[in-house]
Amino acid sequence: MVTIDDIARIAGVGRGTVDRVIHNRGRVSKDTYDKVVKVIKELDYKPNIAARMLGKRKDLKIAVIYHNYESDFWNQVESGIAKAESEYAPMGIRIDRFVLEKINQKKQEEVLRSRMTV
């Protein structure tokens, strides 16, 4: 995975300059901007969303709503949710499960509205 440090090294600029180019903030000369953008494109840089979230130091909650229908499918869904929860918990991501007795759109909407924060 390409990092900001990689881009800075190849472009011959500082890490802060790369950050300013990526986030379009601060002053960067046109030549330097063009050089950094060229390296970003050549390396096919994609920001690391997990690293960005860690940097913000905010917890993220994900609500998962599904109905309680006994089957291998829903057991696999629950297993996948549990696996994701254990992998992402160190990054401050929490998964709240809401298991409904049956498919009920109104109940799903109620759960979503009760969990939304502004």
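The values are calculated or read from the model by the stated rules, or taken from the named source; none is laboratory data. Model, not experiment: these values are computed from the prediction. Here the Cβ is made from the backbone with ideal geometry for all residues, glycine too, and neighbour counts use every protein chain on show.
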Go through the residues of segment 80-101 one by one and say whether even a single one is modelled with pLDDT under 85, surrounded by fewer than 12 Cβ atoms within 10 Å (Cβ to Cβ) and of a type in the set (D, E, K, R).
yes
Could you look through segment 102-118, keep only residues that are among the basic types (Lys, Arg) and at pLDDT below 80, and pick out the one that is surrounded by the fewest Cβ atoms within 10 Å (Cβ to Cβ)?
Lys102
Which pairs do you get when a residue that is at pLDDT 95 or above and among the polar types (S, T, N, Q), found in segment 27-38, comes within reach of a residue that is surrounded by 18 or more Cβ atoms within 10 Å (Cβ to Cβ) and not in a helix (DSSP H, G or I), reach meaning Cβ atoms under 9 angstrom, with the pair 6+ apart or on two chains?
Thr32/Val13
